[in-house]
Amino acid sequence: MARGKNDLILRDRLQFTLGSTGDLSIVYGRVDLSDYVSVVNNQGLSIKEMRVQVRDPSEPNTGIFMPDLLGTALGNDELGLANMKIIGTTTAYESGVDTGIGSPNVFFNAELTTETFRNSGGDFNFVDNRYVEYGTPDLHPEGYVVVSDVLVGISANDALKYADATLELDVMLIAEPIKVSKDELKEMLAQATDL
């Protein structure tokens, strides 16, 4: 998306550590928007796009995250499945299981899945990495209006390659400052109380 004349580019970096089995219950980082939003002054932001990049700070020279979530953690004749989910939202959900493109106040949803098989003969091995992203232009083509901070959530299952590892998540938001009407504010507050 091309940057508009009034657009802001906001950036943040979050850190998270996976458990010893490669699992991570959903954790959140908060992107502070207090300099740009104010309910009292009817100031909001229309989030036009959110971009994310997982980073591995332990990777020498580059910090590049390898998307194979299982690596060499599986033994022979084992089939493995691992996944990671990243969301952009204004509501803190208790579990990543409760989030998706139909969840209220979720304006970004990305899923990384790894499926791996290695057989004992070594003649048949495969790794399939899939990345699916439903960004703000997909879920809210007109932009997602916020009058509060944004939460970025991440969760994982069985990402054995990164067991006990601390990774980073870079976030970039492209947003336009807007005036929010009283009716829009009422609608946002009503939606928040429905949850």
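Let me spell it out: the conditions are (1) in contact (Cβ under 8 Å) with a residue 24 or more places away in the chain; (2) part of a loop (DSSP other than H, G, I, E, B); (3) within 12 Å of the chain's Cα centre (by Cα), and residue 93 meets all of them except one. Which number is the exception?
Only one criterion is unmet by residue 93, namely (3).
Each row is one residue, and each column tells you yes or no for (1) touching a strand residue (DSSP E or B) at 6+ places or on another chain (Cβ under 8 Å); (2) part of a strand (DSSP E or B); (3) under 22 Å from residue 13 (Cβ atoms); (4) open to solvent by less than 30 Å² (accessible area, probe 1.4 Å).
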residue: 102; (1), (2), (3), (4): no, no, no, no
residue: 107; (1), (2), (3), (4): yes, yes, yes, yes
residue: 115; (1), (2), (3), (4): yes, yes, no, no
residue: 126; (1), (2), (3), (4): yes, yes, no, no
residue: 155; (1), (2), (3), (4): yes, yes, yes, yes
residue: 169; (1), (2), (3), (4): yes, yes, yes, yes
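Taking region 139-153, which residues are open to solvent by 30 Å² or more (accessible area, probe 1.4 Å) and either more than 22 Å from residue 40 (Cβ to Cβ) or assigned to a strand (DSSP E or B) (or both)?
Across region 139-153, the qualifying residues are 139, 140, 141, 142, 145.
Which condition does residue 162 not pass, out of (1) crowded, with 18+ Cβ neighbours inside 10 Å; (2) under 13 Å from the mean Cα position of the chain (by Cα); (3) aromatic (Phe, Trp, Tyr), if it passes all the others?
(2)
Select from region 69-82 the residues that are within 20 Å of the chain's Cα centre (by Cα) and surrounded by fewer than 18 Cβ atoms within 10 Å (Cβ to Cβ) and list them in ascending order.
Correct list: 81 only.
Could you say which residue among 71, 88 is of a type outside the set (D, E, K, R) and in a strand (DSSP E or B)?
88
Which of the residues that make up region 171-181 are open to solvent by less than 10 Å² (accessible area, probe 1.4 Å) and at pLDDT below 95?
Selection gives 180 alone.
Select from region 3-38 the residues that are open to solvent by 80 Å² or more (accessible area, probe 1.4 Å) and either among the hydrophobic types (A, V, I, L, M, F, W, C) or under 30 Å from residue 72 (Cα atoms) (or both) and list them in ascending order.
13, 15, 20, 25
Looking at the structure I just gave you, is residue 46 surrounded by fewer than 18 Cβ atoms within 10 Å (Cβ to Cβ) and of a type in the set (Ser, Thr, Tyr)?
So residue 46 does not fit the description; no.
In the set 26, 64, which member is free of Cβ contacts under 8 Å to residues at least 60 places away in the same chain and under 21 Å from the mean Cα position of the chain (by Cα)?
Answer to the selection: 64.
The values are calculated or read from the model by the stated rules, or taken from the named source; none is laboratory data. Since the model is a prediction, treat every value here as computed from it, not as a measurement. Positions of Cβ are backbone-derived with ideal geometry, glycine not excepted, and every protein chain shown enters the neighbour counts. In case anyone asks, the SASA skips ligands and DNA or RNA and just uses the protein heavy atoms, side chains included. Shrake-Rupley method; radii C 1.70, N 1.55, O 1.52, S 1.80 Å.
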